[in-house]
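The values are calculated or read from the model by the stated rules, or taken from the named source; none is laboratory data. As the structure is a prediction and not an experimental result, all values here were calculated from the model. Here Cβ is always computed from backbone atoms with ideal geometry, including for glycine, and neighbour counts include all displayed protein chains.
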Amino acid sequence: MIGVVRIGGLIDLSPDMERTLELLKLTKKYHCVIVRDDPKIMGMLKKVKDYATWGVISPDMIKSLIEKRGRLPGDKRVPADRVKEFASAIESGKDSELKSVFRLHPPRKGWKDTKATYPAGDLGPRKSIDDVIKKMM
């Protein structure tokens, strides 16, 4: 599974780029989604490399993300006894009633550089996204 976090804002976006971010459900800054490792999705991620960062997300981080930032319809928090159920549904690719977008905070201690690619900055692909998400929860 791959975690994707939108870093770039809404100013000066081409309609094509805006549509791609919309298809990934990254409509606002600091939104996070978990997607499967698929060639079609990887093509979309390469296209939005100047507005988002992504990397492999660990199962423990998925559980932590669901506990702290997961929401059910009606903006209700996820009960502690259902976290494992939703985590296994995400990992297996099944649909669940959990909202697919996780709203995060700006990262503690800020970004390195939002105009350069990883490792010099924060945009584009990285090996693991866990440290970024941990700073933003």
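Summary table below
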quantity	calculated
Filter result for the condition that a residue is modelled with pLDDT of 90 or more and in contact with a Phe, Trp or Tyr (Cβ under 8 Å, 6 or more places away or on another chain), over Arg77, Arg69, Arg19	Arg69
Long-range neighbours under 6 Å by Cβ, at least six apart or interchain, first residue under 15 Å from Ile34 (Cα atoms) within the range 58-80, second surrounded by 15 or more Cβ atoms within 10 Å (Cβ to Cβ) and of a type in the set (D, E, K, R)	Ser58/Asp130; Met61/Asp130; Arg71/Lys99
Unique match (being charged (D, E, K, R) and surrounded by 13 or more Cβ atoms within 10 Å (Cβ to Cβ)) among Arg77, Arg82	Arg82
Any chance Val101 is surrounded by 11 or more Cβ atoms within 10 Å (Cβ to Cβ), among the β-branched types (Val, Ile, Thr) and in contact with a His (Cβ under 9 Å, 6 or more places away or on another chain)	yes
Output for the range 1-30, where each listed residue is closer than 19 Å to Asp130 by Cα, surrounded by fewer than 19 Cβ atoms within 10 Å (Cβ to Cβ) and not basic (Lys, Arg)	Met1, Ile2, Tyr30
